[in-house]
Amino acid sequence: MLGGYRIEGRGAAEIAASVERAVGSGELEPGQLLPSMRELAVEVGVNPNTVAAAYRILRERGVIETAGRRGSRVRPAPATTGRDHIRVDVPEGVRDVSSGNPDPALLPPLAPAFAAAAAQGDREPVLYGDDAVEPDLARTARAGLDADGVPDGPLAVLSGALDGVERVLAAHLKPGDTVAVEDPGWGRTLDLVPALGLRTAGVGVDDEGPLPDDVRRALEGGARALIVTDRAQNPTGAAVTATRARALRAVLREHPATLVIEDDHGHGIVDLPLHPLAGVTRHWAFVRSVAKAYGPDLRLALLTGDDVTVDRVRGRQRLGPGWVSLLLQRAVVRLWADGVPDTRAVAAEYGRRRDLLIDALARRGVRVHGRSGMNVWVPVPDETGAVARLLHAGWAVAPGARFRMSAPPGIRITVSALTDEDIAVLADAVAAALGPAPARGYV
């Protein structure tokens with residue numbers, strides 16, 4: 001059943017660690033059936049209750065899943081390995097349009113902002129017990145949230161959008177709870193949820209955001225939380241429209257106990273208005289990252305939400321890292337004050353590159369998705385074949401398996417590194433990789 005691997009350990013933690021190591025190293029593969037609790041107990045010489053406890057640890061860590069009498073298996077995408085292993089190695093000479101990174105040329109220079117923040121720190125050293133949020137950051141951030149229609153609420157500063165999502169989930173849910181997630185959706189989120197011991201319920205996405213009927217089914221099926229990407233949805237580029245937001249709010253009013261988490265990681269690189277869902281349910285959180293517009297290494301995100309949610313997040317943060325560096329917060333404030341980069345110009349440039357590629361593909365009979373942000377999602381009939389053929393043609397794209405659970409196959413193309421001269425060449429390669437236009441009944 002396990003090939004040559006032998007699970008070892010005398011206690012539940014040791015047995016769980018043995019399985020987790022094997023999954024991480026690839027000795028136990030995704031989907032592989034594990035021995036029954038009684039079989040493993042006999043094999044390692046322990047009580048079946050010890051094995052039951054080990055399997056419970058593994059389920060809570062998102063490593064395995066159990067389906068009653070059908071037994072326990074390694075998850076198709078175990079938290080131990082994550083989705084980053086589903087990637088294309090980029091050989092020398094091949095153009096990489098798979099990374100999801102912003103264009104470095106569109107990021108602001110950081111030295112002046114950090115120099116100013118450091119000088120302020122020299123004058124006013126930050127000490128233990130100081131406020132965790134820089135007042136100028138709070139004022140500027142709140143003004144932006146007010147302008148976008150996000151309800152008033154307390155503010156916390158965290159280390160990136162995913163840090164915010166994780167802390168909010170942990171503040172409200174317990175292992176075994178179900179979270180409704182976009183499918184296709186951000187691979188890190190799809191890994192994070194099971195890593196917290198939570199279950200996922202996929203929700204379909206079109207260009208206007210999550211499908212209301214899918215959200216309703218997930219909530220009626222017991223999902224306690226919903227994660228929505230408001231704009232620049234990864235990987236499809238979806239952006240929630242005003243019409244879709246009204247429909248989703250109507251569904252959420254039927255389920256007021258739902259924890260709603262909104263991810264606005266695309267702030268600063270998207271030229272579409274925000275249509276938030278926040279405030280419809282009792283518990284909600286809205287996370288806004290600076291990474292895409294100001295640089296991935298600026299590990300800073302703003303979190304607002306209802307009083308209970310933000311208070312729980314702040315309390316847990318105090319017990320761990322304490323706060324996000326005020327040097328970093330002050331540097332971001334200076335970037336905002338100096339107006340660098342010009343986020344409207346940045347958003348327009350990403351939109352121009354994206355639209356050029358979408359138009360070029362449309363002229364070649366290839367329909368794609370990419371309403372906002374820096375990514376384009378291309379549905380394909382054969383994901384592995386399309387990735388391989390494009391690699392042979394000199395282009396490395398991201399396999400859709402990194403971003404989906406049960407959604408149809410596709411590939412993600414990041415436009416941030418493309419020049420105008422690249423567009424036609426890449427569009428030709430994509431069209432050739434997908435085959436003759438009449439055969440594309442999947443789009």
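I'd like to know if region 285-295 contains one or more residues that are in contact (Cβ under 8 Å) with a residue 60 or more places away in the chain and more than 25 Å from Pro109 (Cα to Cα).
Checked against the condition, which is being in contact (Cβ under 8 Å) with a residue 60 or more places away in the chain and more than 25 Å from Pro109 (Cα to Cα), region 285-295 yields at least one hit.
What is the residue count in region 229-279 for residues that are modelled with pLDDT of 95 or more, part of a loop (DSSP other than H, G, I, E, B), surrounded by fewer than 20 Cβ atoms within 10 Å (Cβ to Cβ) and not small (Gly, Ala, Ser)?
Qualifying residue count for the region: 6.
Anything in region 300-338 that is out of contact with any His (no Cβ under 8 Å at 6 or more places or on another chain), among the basic types (Lys, Arg) and more than 29 Å from Leu110 (Cβ to Cβ)? List them, or say none.
Result: Arg316, single match.
Tell me the residue from Ala105, Ala52, Ala79, Ala116 that is among the aliphatic types (A, V, I, L, M), modelled with pLDDT of 95 or more and touching a helix residue (DSSP H, G or I) at 6+ places or on another chain (Cβ under 6 Å), please.
Criteria check complete, one pass: Ala116.
Give region 45-77 a look and list any residue that's part of a helix (DSSP H, G or I) and farther than 16 Å from Ala13 by Cβ, or say none.
Pro48, Gly68, Arg69, Arg70
Within region 97-212, considering only helices (runs of 4 or more DSSP H) that don't extend past its boundaries, which have at least 2 residues that are within 15 Å of the chain's Cα centre (by Cα) and hydrophobic (A, V, I, L, M, F, W, C)?
In region 97-212, the matching helices (runs of 4 or more DSSP H) lie at 161-172, 187-195.
Out of all the residues in region 278-289, is one or more basic (Lys, Arg) and touching a strand residue (DSSP E or B) at 6+ places or on another chain (Cβ under 7 Å)?
Checked against the condition, which is being basic (Lys, Arg) and touching a strand residue (DSSP E or B) at 6+ places or on another chain (Cβ under 7 Å), region 278-289 yields at least one hit.
Name every residue in region 309-327 that is more than 23 Å from the chain's Cα centre (by Cα) and surrounded by 13 or more Cβ atoms within 10 Å (Cβ to Cβ), in order of residue number.
Asp311, Ser325, Leu326, Leu327, listed by residue number.
Is it fair to say Ser159 is among the hydroxyl-bearing types (Ser, Thr, Tyr) and at pLDDT below 95?
No.
Any residue at all in region 374-388 that's under 28 Å from Pro109 (Cβ atoms), out of contact with any His (no Cβ under 6 Å at 6 or more places or on another chain) and surrounded by 22 or more Cβ atoms within 10 Å (Cβ to Cβ)?
yes
Collect the residues in region 95-109 that are in contact (Cβ under 8 Å) with a residue 40 or more places away in the chain and either surrounded by fewer than 17 Cβ atoms within 10 Å (Cβ to Cβ) or under 15 Å from Glu349 (Cβ atoms) (or both), keeping them in residue-number order.
Correct list: Asp96, Ser99, Asn101, Pro102, Asp103, Leu106, Leu107, Pro108, Pro109.
Would you tally the residues in region 381-419 being within 21 Å of the chain's Cα centre (by Cα) and of a type in the set (Val, Ile, Thr)?
Count: 5.
Restricting attention to region 184-210, report how many residues are more than 13 Å from Glu60 (Cα to Cα), out of contact with any helix residue (DSSP H, G or I) (no Cβ under 6 Å at 6 or more places or on another chain) and surrounded by fewer than 20 Cβ atoms within 10 Å (Cβ to Cβ).
Here the count works out to 3.
Would you check which residues across region 11-27 are under 26 Å from the mean Cα position of the chain (by Cα) and assigned to a loop (DSSP other than H, G, I, E, B) and list them?
Listed by number, the list holds a single entry, Gly26.
If you go through region 70-79 one residue at a time, do you hit one that is surrounded by fewer than 16 Cβ atoms within 10 Å (Cβ to Cβ), touching a Pro at 6+ places or on another chain (Cβ under 8 Å) and either among the polar types (S, T, N, Q) or at negative phi (or both)?
Checked region 70-79: at least one residue is surrounded by fewer than 16 Cβ atoms within 10 Å (Cβ to Cβ), touching a Pro at 6+ places or on another chain (Cβ under 8 Å) and either among the polar types (S, T, N, Q) or at negative phi (or both).
The values are calculated or read from the model by the stated rules, or taken from the named source; none is laboratory data. Please read these numbers as outputs of a predicted model, since none were measured by experiment. For neighbour counting, all protein chains shown are included, and Cβ atoms are generated from backbone atoms with ideal geometry for every residue, glycine included.
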